[in-house]
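The values are calculated or read from the model by the stated rules, or taken from the named source; none is laboratory data. Keep in mind that this is a model prediction, so the values were computed, not measured. Counting neighbours? That spans all protein chains shown, and the Cβs are built from the backbone with ideal geometry, glycine included. The area values use the complete protein model at the heavy-atom level, side chains included, leaving out ligands, DNA and RNA. Shrake-Rupley method; radii C 1.70, N 1.55, O 1.52, S 1.80 Å.
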Amino acid sequence: MKTVRSTFRFKGGVHPDYNKELARGKVIETMPCPAELVVSMSQHLGAPATCVVKAGDYVVKGQLLGARNGFISVPVHAPANGLVKAVEPRLGPAGGKAPAVVLDTTAPAPDGVDVAERTLPPLDWRAATKEDLLARIDEAGLCGMGGAGFPTSVKLNPPPGKRCEYLVVNGAECEPYLCADFRLMLERADRVRVGVEILRKILGDCAVRLAVEANKPEAIAALETAFADIDGNVEIVVLPVLYPQGSEKHQIYATVGRVVPEPPALPIDVGCVVENVGTVAAVADAVEKGQVLLSRVTTVSGDAVREPKNVEAPLGTKYADLVAFCGGESEPPAKVISGGTMMGFAVPSLEIATTKTTSGLLLLSRRRVSQYSSQACINCGRCVRACPMTLNAAEIAKAVEADDIASAEAAHVMSCIECGACTFVCPAYRPITQFCRRAKASIRARLAAERAKAAAAAKPA
């Protein structure tokens, strides 16, 4: 194993104020289970899990609440013992509603119920087959914990003809304020090491690149210690501090110099698989300890939080309970953001609950939040220079503003990674990222309608 500096720098990118010092030095604290959990069936990319419990049921920690629903989906489990108070649509961090199981964790268990936690039998990953390990990862409900939530078992099982040459472990964590991945690498580097070895067993004899930004020297040192005696082609790649260094496409370029083509191309098309460090550690726990995914580390930060922390909390913990565990609000927040300030979503309520992809919760005071009105584009070109995908963001935004989605599509809007760099640098305060999201949603809806129409036409009369 060796540590190297990246020799590839992508075009564009920005340098936001990182504000990580608020929670950077705070060790991970395990939060006691709150009195109520709201466990969404949509904690991952793809179809929501199919709920298999109903109001009035008593469930036990680790018990299945939602079954995998289709190829791109993962199961959901009970993070604690409790009584199912309701199964109803609840608002999620990104704004949409999805079915959720509301658990009263203070309710006593009925007589005769075995309240022992439901776990899976530990596996010896060295002796297990690839199929055994993939089945375990699927059964444990693992998905990408860096933000997108793509089912891990699907990503680790490339289609025929595709081979993984490089496993890239994403420890960049370039979003402002967030420190959850940093603390995990610092405190649980040994679990990352085990997870990497398991993933190599699944993917075959692939090289490994652990990608960490240069502003995390303590995490780099911890990984160097944990991986000191590992066999094979393994490198820690120290990346320049530049947002969005955590994007998988840019991380692939920064670590191995390969360029992922435009959608629908995926990293596996250039021989790469990218996994977040949190996901890698969860793989180790699922295989060696038989633990299904029931909690995650989330950074609670911002200048309106009394005591910023990195908290390991049960999935389904309401944001209000997270804030209370951090000493409450130091002042009324002007904005609450689920995630980081660049790609996160402003949320209207602290009654929203954590999911498998909740990396951060930010409470910002009026001093940190500016109100502004969008103005006309002044053709300065800053968004074009900042775009890490080398898109003409200004022209895309103008096309969407004119409801000319076809022109936006022709300008490759589907390649947009929604990093927010264009909006960040715009002196006219134009919501360019939101224009891109709107165009992509419209294009996806049209494509879905076309597929449905083609499928209906193909059915025999």
Original post:
Take the residues of the range 36-54 that are open to solvent by 60 Å² or more (accessible area, probe 1.4 Å) and among the hydrophobic types (A, V, I, L, M, F, W, C): which is modelled with the highest pLDDT?
Top reply: 52
**OP:** May I ask you to list the residues in the range 62-74 that are touching a Ser or Thr at 6+ places or on another chain (Cβ under 9 Å), surrounded by fewer than 23 Cβ atoms within 10 Å (Cβ to Cβ) and in contact (Cβ under 8 Å) with a residue 40 or more places away in the chain?
**Re:** 62, 68
**OP:** Would you point out which residue out of 160, 122, 176, 151 is over 26 Å from residue 359 (Cα atoms) and in contact (Cβ under 8 Å) with a residue 12 or more places away in the chain?
**Re:** 122
Subject >> Filtered residue count, the range 121-138, keeping only those that are surrounded by 18 or more Cβ atoms within 10 Å (Cβ to Cβ) and over 19 Å from the mean Cα position of the chain (by Cα) >> reply: 4
Original post:
Counting just the residues of the range 88-98 that are open to solvent by 60 Å² or more (accessible area, probe 1.4 Å) and assigned to a strand (DSSP E or B), which one comes out nearest to residue 38 (Cα to Cα)?
Top reply: 90
Original post:
Got a sec? Which helices (runs of 4 or more DSSP H) wholly within the range 352-461 have at least 2 residues that are among the polar types (S, T, N, Q) and under 29 Å from residue 254 (Cβ atoms)?
Top reply: 432-458
Original post:
Only one of (1) over 19 Å from residue 67 (Cα atoms); (2) not assigned by TED's automatic domain parsing to the domain that holds residue 291 fails for residue 100. Which number is that?
Top reply: (1)
**OP:** May I ask you to list the residues in the range 370-421 that are modelled with pLDDT of 95 or more, within 21 Å of residue 340 (Cβ to Cβ) and of a type in the set (Gly, Ala, Ser)?
**Re:** 386, 393, 420, 421
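Just to be sure before I move on: is residue 402 open to solvent by 10 Å² or more (accessible area, probe 1.4 Å) and of a type in the set (A, V, I, L, M, F, W, C) in the structure I sent? Steps first, please.
Values: open to solvent by 10 Å² or more (accessible area, probe 1.4 Å): yes; of a type in the set (A, V, I, L, M, F, W, C): yes.
Yes.
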Original post:
Of all residues in the range 1-29, how many are outside any loop (DSSP other than H, G, I, E, B), in contact (Cβ under 8 Å) with a residue 60 or more places away in the chain and open to solvent by 50 Å² or more (accessible area, probe 1.4 Å)?
Top reply: 5
Original post:
In the range 350-366, is there at least one residue being farther than 24 Å from residue 265 by Cα, acidic (Asp, Glu), open to solvent by 60 Å² or more (accessible area, probe 1.4 Å) and out of contact with any Pro (no Cβ under 7 Å at 6 or more places or on another chain)?
Top reply: yes
Subject >> Among (1) at pLDDT 95 or above; (2) open to solvent by 20 Å² or more (accessible area, probe 1.4 Å); (3) within 23 Å of residue 203 (Cα to Cα); (4) assigned to a loop (DSSP other than H, G, I, E, B) - the single one residue 141 does not satisfy >> reply: (2)
Original post:
Within the range 220-243, is there a residue that is buried (at least 24 other Cβ atoms within 10 Å of the Cβ) and either out of contact with any strand residue (DSSP E or B) (no Cβ under 6 Å at 6 or more places or on another chain) or at pLDDT below 95 (or both)?
Top reply: no
Subject >> Subset of the range 158-173 [more than 25 Å from residue 219 (Cα to Cα), open to solvent by 40 Å² or more (accessible area, probe 1.4 Å) and touching a helix residue (DSSP H, G or I) at 6+ places or on another chain (Cβ under 6 Å)] >> reply: 162
Original post:
How many residues are more than 21 Å from the chain's Cα centre (by Cα) and open to solvent by 10 Å² or more (accessible area, probe 1.4 Å) when one looks only at the range 252-289?
Top reply: 10
Original post:
With (1) farther than 30 Å from residue 425 by Cβ; (2) at pLDDT 95 or above; (3) surrounded by 14 or more Cβ atoms within 10 Å (Cβ to Cβ) as the list, and residue 32 as the residue in question, which single condition is left unmet?
Top reply: (3)
**OP:** Could you figure out which of (1) open to solvent by 10 Å² or more (accessible area, probe 1.4 Å); (2) under 21 Å from residue 82 (Cα atoms); (3) in contact with a strand residue (DSSP E or B) (Cβ under 8 Å, 6 or more places away or on another chain) isn't true of residue 322?
**Re:** (1)
